[in-house]
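The values are calculated or read from the model by the stated rules, or taken from the named source; none is laboratory data. The structure displayed is predicted, hence computed values, not measured ones. Glycine also receives a Cβ, built like all others from the backbone with ideal geometry; neighbour counts cover every protein chain displayed.
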Amino acid sequence: MARKKKNDPNEVLAGIRPQPARRVVAVGMIVVLGAIVLGVAIARPPEFFAWMLFLVFFGAGCLWMAWSMWQATGVELELTRSELREVGGRTLCTLDNVERVDRGAFAFKPAGGFLVKLKQPVGVVYSPGVWWRAGRALAVGGVTARQDGKNVADMMIVMLVERGQDL
């Protein structure tokens, strides 16, 4: 049996898996909202054409957002010694770029998740229901399990302390 290297940078230390029940409820709520708005547009069309356009585009936008969230919540996240990434390979952040990890009650973070402050801005990316990144902020959570997010955040904090980084 092959032995793993002691500090293999690609070794998966922890993971965050979207919860099926939360995934269905979140996507279902957006689908229901889109269906209600489109139903109102069809059953009681407003007098003004601009309102009709608004209702149609808003309802279609909700259905598009539901589809986007369904696709995004089908991907797991994993923490390695070098980065936090999606299983498909997209990197959320490298640990060298992490300034601090905040999972406090007053942090601007998704439900059951955590906030990572980055040293350098990486770019704007939004994965609905799972994570988003804008400027120097990365937020993880939403339809994910609270315990998975806590474990990954705690492990990131421990790894930063081991590197001698002040938090």
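Scoring Val140 on the criteria (1) within 22 Å of Val27 (Cα to Cα); (2) without any contact (Cβ under 8 Å) to a residue 60 or more places away in the chain; (3) surrounded by 19 or more Cβ atoms within 10 Å (Cβ to Cβ) leaves a single failure, condition (2).
In the set Val37, Val12, Val24, only one residue is touching a residue at least 12 places away in the same chain (Cβ under 8 Å), surrounded by fewer than 17 Cβ atoms within 10 Å (Cβ to Cβ) and not assigned by TED's automatic domain parsing to the domain that holds Gly129; that residue is Val12.
Return a yes/no flag: does the stretch 139-148 have any residue that is out of contact with any strand residue (DSSP E or B) (no Cβ under 9 Å at 6 or more places or on another chain) and not in a loop (DSSP other than H, G, I, E, B).
Taking every residue of the stretch 139-148 in turn, at least one turns out to be out of contact with any strand residue (DSSP E or B) (no Cβ under 9 Å at 6 or more places or on another chain) and not in a loop (DSSP other than H, G, I, E, B).
The selection criterion, being buried (at least 20 other Cβ atoms within 10 Å of the Cβ), touching a residue at least 40 places away in the same chain (Cβ under 8 Å) and in contact with a strand residue (DSSP E or B) (Cβ under 7 Å, 6 or more places away or on another chain), holds for Val130. Within the stretch 68-126, the residues that satisfy the criterion of being of a type in the set (A, V, I, L, M), assigned to a strand (DSSP E or B) and crowded, with 17+ Cβ neighbours inside 10 Å are Leu77, Leu79, Leu84, Leu92, Val98, Val101, Leu115, Val116, Leu118.
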